Amino acid sequence: MRLRPRQWWSRLRARFRLPRTLKVTRIGRTYLVVTFGVGLGALNTGNNLLYLLLGMLLSMVVVSGVLSERCLRDLSVRRVGTDAAFAGEPFAFRWAVTKKRGHGFALTLSEADSPLSGEGGVGYLPSGVDHVVRADLTAPKRGPVPLAGVRVTTTWPLGLFAKTRVFPLKGMLLVYPRRGYACVDPGEAERGPVGDAGNPRRNDGTGDVAGLRELMQGEDARRIHWRKSAALGKLLRVEREREERRTWVLAVEAGLEGDALERRCEEVAALAHRLIEEGHEVGLDTVDGRLRPAAGSAQERRLLRALAWLGHEGPRGEEEAA
Amino acid sequence: MRPGTRLRLALRDLGSGAAFASMAVSGQLPVWTLVLYALSLVCALAGRRLFAKRAKLTALLLLVVAAVLGMNVLAGAINLVVAACSFAGLISAHRLLSAPEPATDGQVHLSGLLMVAGGAALSGELVYGLFLVAFGVLSSMALALGVVEASVPEGEPVPVRQVMRPLATGVGFAVAGAVAFFILFPRLNWNMMGPRASPGLGPATTGLSDTVRLGGAGTIKGNPRIVLRATLSPDPGKEALDAYWLGRTYDVFDGQEWTSVGRPPRGAMYMVTLRPGGDDLVHQRVELLPAYGARTLVALETPSRLGNAVAHQQSGSRRVGLQEMGGGEVRLQDPGISYAYEAYSLPPGGSGHDLRDLPPDEQDALLTIPEELDPRVAQTAARVLNGEREPLAAARKLAAWLQQELTYTLELSGDVDDPLADFLFVRKAGHCEHFATALTLMLRTQGIRARLATGFFGGERVDEAYIVRAGDAHAWTHVLVPGRGFVTVDATPPAHRASQSSVVLQKLISFYEAVEARWRSAVVDYSFRDQMDVARALVRPPRRRGGEESPSRLPPLRAWGAALVAGMGAYAAWRMLTRVLARERPHEATRFVDAVEAQLAAARVERLEGETLEDLDARLTREGHPLSPALTPVTRRYLEARFGGRPLRQGEASQLLGSLKRAISAEARRRAS
């Protein structure tokens, strides 16, 4: 399988990554500047108290490094994952973190080398406890997101330095198309009403009357409840327990690329969501294949997965969501 | 606000307070800055963040403060360092009153850091060290709680107790590291500047004036503050020195107060010789501390030479000249907060003066008595002496009579017309100046030359030096003995010569003084020479002076310390070794399977998650994979070696791995073709 440049770069970075990385925080930068100033002052004046202060400041830096290292040692992380991830909106993502020996403080977890933004934190991690950390992550666009590892960062104990350790943990997160309103019309249903609703006398659904609501533009005039409409002076339609079920096969046309493809996927996802919510059967026709129409949330998940993979190479299995 | 957050803010505020106090102990900050900061701290600790809603607007106040401080600097009222430190304190005060946010917290801590740095530049007090440690501990705790709090999800409590233990360990190591750095970092300074002096705690309490007036109430004898610290050479080695430290003498008494015969001050010089001395002079390195409050030099009786004086001021230290005044007084020319100088004194026994050495007016003054002196004084002296004419014996006889007949008290009735007659015949009680005046004048009525001397009596050993307290201020009599010069005779009862302050207070101050002396010698005055001594002592233990044998047969303390360190090192090594040995060693078969898996991974054989080698072999066999024939015997042999009790023979592992490697290479060539 040929690697895309971004994936290649990601793997290269993962290969040559240092076991720990250290980043100076904002307060840490000022701390170092003050330490440098105190050092200059001590050397210039020979004031022993400044030497004492300098010693304390430098010792704090060393102690900070040791304590943060103890915090990141004997740590293990696994992904618990997410239920569903939609592009452009935060979704709950979970990791399980355990420390075999010692205690962990101020740990921040995030996905390394991935476009996912957001992080989760744990203030105190006792020894031997499997702690689940929750984070609200956001993916910028739909599609499969390869996960290379989990980045664990701590600023313990003084917040001067952020020490990071990356746990290599390969995985995949499938991000569904961005959710939105279905503004376009789904077109004509592929087939007429099925089941009980196939009876031409029961075009307005089956079962008992569940309620009345105002008739919207374009709705079938045969569903108007004339007596109630006359009483209230406006057109009301009947809603029954089981509304009519129709079948649509939505299509993502071949040849779309880039933003046009993204927009179409989002439209189709929104339409599919609306139609399935209304109880209809929805299928999908794409260049990758045809998904036969069905109803229910499982079908919606199948549609979203198929839309998420559209335009991407890779497996189409059921287990790809991390 | 969460409980942990409240605690963190309190620790942060207290840390800032400790940092400000480290500057304030220097006594150089303007009073209004102290007041402003104290008010801010109290408000912050009470949870009243007055500037929380108008942080930017109130920041303008800092501009006003900066302008005021700048004008003070331009006017010469305060120096630039003090102004900068004051401004740092007020910035911190402003931040304390602002809304507690992460940025504000950082600014409070960093301004605290600047303040302790400023405190180091302003003072060398022992209290500074305490505040430095307090700042380090409090701020570290606040920072750590802040770091943990930021990671704790909203609504959950901050684990305060869990944080404290590792943090305390860390801070302990940091302090130890700071000490190690302090000791070992070479003192190669670009520009040497001595420690700055600070007024210390409270105003000066003693001092020597140009006159001694009888009357009033005595308070000085109850003051335990230390005014003088001296190192003697040769060291007497006594715990209580009980020596007279002479400041000056008086020879004219007008019935109310003592003065000296006027003598024009001699020109300034760096070394003053009062009288010649021999080889047996006692050398003293004297420090006059801020509590002394005068410019008169003090030395062990009887001073011979004084010089090499240095005045410590807030701006630094500099050499000062000396001026000889009347009454044997040597005075420092320039004012300072504290002084250091060297003095040489004659050994006890007499000043060596001859009457003819003294100026004529001074010779006359030694026999002068006030015109309106009560005649009963002379009559009493004659009755007590009963014909004794030898000056020293007469003086001792009179002193013994005074100690026997009169009592010592500090409760005086105030000013009276004739304080001496009041002391001798009415109240029959007084303090050291009354006793000394009575003895001096009684001697003079009998034609024996004498004068009044003032200074201190005592000397309490602290480490290698002797200290003198304000309560040790004393007056006594000099009797001129032919052939010996002025000899000291003290009429004050011995129990009341030294300080009369509370024993508990004295012990407390002695303890503080001992700690501060250690602080000064080990921290403030630590130098490159000390570092060399430390290094030399580590390499080669110092020999005892003069080859003296140790009185104890036990090994020296150094040996015990070295043995302790060696023991701890051995214990740590043993623990480490035990852990390494106790660690489960990887089975030979495990190493073998690791090598097999590495080869398979290099050949890019896809494996499912959690798939063992036997599962992989079974799957490849099912799929008819080309590597399966080579992998199957390897897998079987591994299982036998690992679980079947048939360990791998010598060289068998490499043989099996070689066959697998050849199969992998063949498969790679086949794919390539």
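The values are calculated or read from the model by the stated rules, or taken from the named source; none is laboratory data. Quick caveat, the model's predicted, so the values are computed rather than measured. When we count neighbours, we look across all protein chains shown, and the Cβ atoms used for this are built from the backbone with ideal geometry, even at glycine. Surface accessibility is based on the protein's heavy atoms, side chains included, excluding ligands, DNA and RNA. Shrake-Rupley method; radii C 1.70, N 1.55, O 1.52, S 1.80 Å.
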Does B:SER521 fit the bill of being outside the structural domain of B:GLY277 (by TED's automatic domain parsing) and either acidic (Asp, Glu) or open to solvent by less than 30 Å² (accessible area, probe 1.4 Å) (or both)? no
Identify all residues within the stretch A:260-284 that are modelled with pLDDT of 85 or more, out of contact with any helix residue (DSSP H, G or I) (no Cβ under 7 Å at 6 or more places or on another chain) and under 21 Å from A:ARG178 (Cβ atoms); write none if there are none. A:ALA260, A:LEU261, A:GLU262, A:ARG263, A:ARG264, A:GLU266, A:GLU267, A:ALA270, A:LEU271, A:ARG274, A:LEU275
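Residues checked against (1) without any contact (Cβ under 8 Å) to a residue 60 or more places away in the chain; (2) open to solvent by 10 Å² or more (accessible area, probe 1.4 Å); (3) charged (D, E, K, R); (4) assigned to a helix (DSSP H, G or I):
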position: B:PRO100; (1), (2), (3), (4): no, yes, no, no
position: B:VAL133; (1), (2), (3), (4): yes, yes, no, yes
position: B:VAL147; (1), (2), (3), (4): yes, yes, no, yes
position: B:ALA150; (1), (2), (3), (4): yes, yes, no, yes
position: B:ARG165; (1), (2), (3), (4): yes, yes, yes, yes
position: B:PHE173; (1), (2), (3), (4): yes, yes, no, yes
position: B:ALA176; (1), (2), (3), (4): yes, yes, no, yes
Please identify the pairs in which a residue from the stretch B:281-297 that is under 18 Å from B:THR454 (Cβ atoms) has its Cβ atom under 6 Å from the Cβ atom of a residue that is of a type in the set (Asp, Glu), counting only partners at least 6 apart or on another chain. B:THR296/B:GLU329
Mind listing whichever residues of the stretch A:41-98 are among the β-branched types (Val, Ile, Thr) and in contact with a strand residue (DSSP E or B) (Cβ under 7 Å, 6 or more places away or on another chain)? A:VAL77, A:VAL80, A:THR82, A:VAL97, A:THR98
Members of the stretch B:110-130 found to be within 21 Å of B:HIS94 (Cα to Cα), more than 7 Å from chain A (Cβ to nearest Cβ) and in contact with a Ser or Thr (Cβ under 7 Å, 6 or more places away or on another chain), listed by number: B:SER111, B:GLY112, B:MET115, B:GLY119
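It is to be established whether one or more residues within the stretch B:26-38 are over 25 Å from B:VAL133 (Cα atoms), of a type in the set (Gly, Ala, Ser), free of Cβ contacts under 8 Å to residues at least 40 places away in the same chain and in the same structural domain as B:LEU132 (by TED's automatic domain parsing).
no
Residue under question is B:LEU398, and the condition is that it be in the same structural domain as B:VAL252 (by TED's automatic domain parsing), modelled with pLDDT of 80 or more and under 45 Å from the mean Cα position of the chain (by Cα); does it hold?
Numbers: in the same structural domain as B:VAL252 (by TED's automatic domain parsing): yes; modelled with pLDDT of 80 or more: yes; under 45 Å from the mean Cα position of the chain (by Cα): no.
So B:LEU398 fails the test.
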Among (1) in a helix (DSSP H, G or I); (2) under 30 Å from the mean Cα position of the chain (by Cα), where does A:VAL77 come up short? (1)
Does B:LEU74 meet the test of being away from every other protein chain (no Cβ under 11 Å) and not in a helix (DSSP H, G or I)? no
I need the full set of residues from the stretch B:206-222 which are modelled with pLDDT of 60 or more, under 17 Å from B:VAL298 (Cβ atoms), of a type outside the set (Gly, Ala, Ser) and open to solvent by 30 Å² or more (accessible area, probe 1.4 Å), in order please. B:LEU208, B:ASP210
How about the stretch B:1-26: which of its residues are closer than 29 Å to B:ALA77 by Cα and assigned to a loop (DSSP other than H, G, I, E, B)? B:VAL25, B:SER26
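Taking the stated definitions as given, is A:VAL122 more than 9 Å from chain B (Cβ to nearest Cβ) and surrounded by 21 or more Cβ atoms within 10 Å (Cβ to Cβ)?
No, not satisfied.
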Name, by its number, the condition in (1) assigned to a loop (DSSP other than H, G, I, E, B); (2) surrounded by fewer than 20 Cβ atoms within 10 Å (Cβ to Cβ); (3) of a type in the set (A, V, I, L, M) that does not hold for B:LEU29. (2)
Which listed residue is part of a loop (DSSP other than H, G, I, E, B), more than 24 Å from the chain's Cα centre (by Cα) and at pLDDT 85 or above, from B:PRO265, B:PRO236: B:PRO236
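Go through the stretch B:539-561 and count every residue that is outside any loop (DSSP other than H, G, I, E, B) and either at pLDDT below 70 or surrounded by 14 or more Cβ atoms within 10 Å (Cβ to Cβ) (or both).
Step one: of the stretch B:539-561, the residues outside any loop (DSSP other than H, G, I, E, B) are B:539, B:545-547, B:557-561.
Adding the requirement that they be either at pLDDT below 70 or surrounded by 14 or more Cβ atoms within 10 Å (Cβ to Cβ) (or both) leaves B:539, B:545-547.
Looking only at that region, the number is 4.
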Taking the stretch A:40-99 and keeping only residues that are at the interface with chain B (Cβ under 9 Å from one of its Cβ atoms) and of a type in the set (Gly, Ala, Ser), one is left with A:GLY41, A:ALA42, A:GLY46, A:GLY55, A:SER59, A:SER64
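Any residue in the stretch A:236-247 that is of a type outside the set (D, E, K, R), within 15 Å of A:GLY187 (Cα to Cα) and in contact with a helix residue (DSSP H, G or I) (Cβ under 6 Å, 6 or more places away or on another chain)?
no
For the stretch A:125-162, enumerate the residues that are part of a strand (DSSP E or B) and more than 12 Å from every other protein chain (Cβ to nearest Cβ).
A:LEU137, A:THR138, A:ALA139, A:GLY143, A:PRO144, A:VAL145, A:PRO146, A:LEU147, A:ALA148, A:GLY149, A:VAL150, A:ARG151
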Just wondering, is there one or more residues in the stretch B:82-94 that are open to solvent by 10 Å² or more (accessible area, probe 1.4 Å) and part of a loop (DSSP other than H, G, I, E, B)? no
Would you mind telling me which numbered condition in (1) open to solvent by less than 30 Å² (accessible area, probe 1.4 Å); (2) assigned to a helix (DSSP H, G or I) B:LEU648 fails? (2)
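Among the residues that make up the stretch A:53-60, is at least one of them under 30 Å from A:PRO140 (Cα atoms), open to solvent by less than 40 Å² (accessible area, probe 1.4 Å) and at pLDDT 90 or above? Break it down into steps so the answer makes sense when it comes.
Initially, the stretch A:53-60 is screened for residues under 30 Å from A:PRO140 (Cα atoms), giving none.
No; the residues of the stretch A:53-60 include none that is under 30 Å from A:PRO140 (Cα atoms), open to solvent by less than 40 Å² (accessible area, probe 1.4 Å) and at pLDDT 90 or above.
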Going through the stretch B:439-487 in order, the residues found to be in a helix (DSSP H, G or I), in contact with a Lys or Arg (Cβ under 8 Å, 6 or more places away or on another chain) and closer than 24 Å to B:ALA365 by Cβ are B:THR440, B:LEU443
Tally time: how many residues in the stretch B:293-320 are open to solvent by 10 Å² or more (accessible area, probe 1.4 Å), modelled with pLDDT of 85 or more and assigned to a loop (DSSP other than H, G, I, E, B)? 3
Residues being farther than 30 Å from B:VAL81 by Cα and either open to solvent by less than 60 Å² (accessible area, probe 1.4 Å) or modelled with pLDDT under 90 (or both) - total across the stretch B:268-292: 17
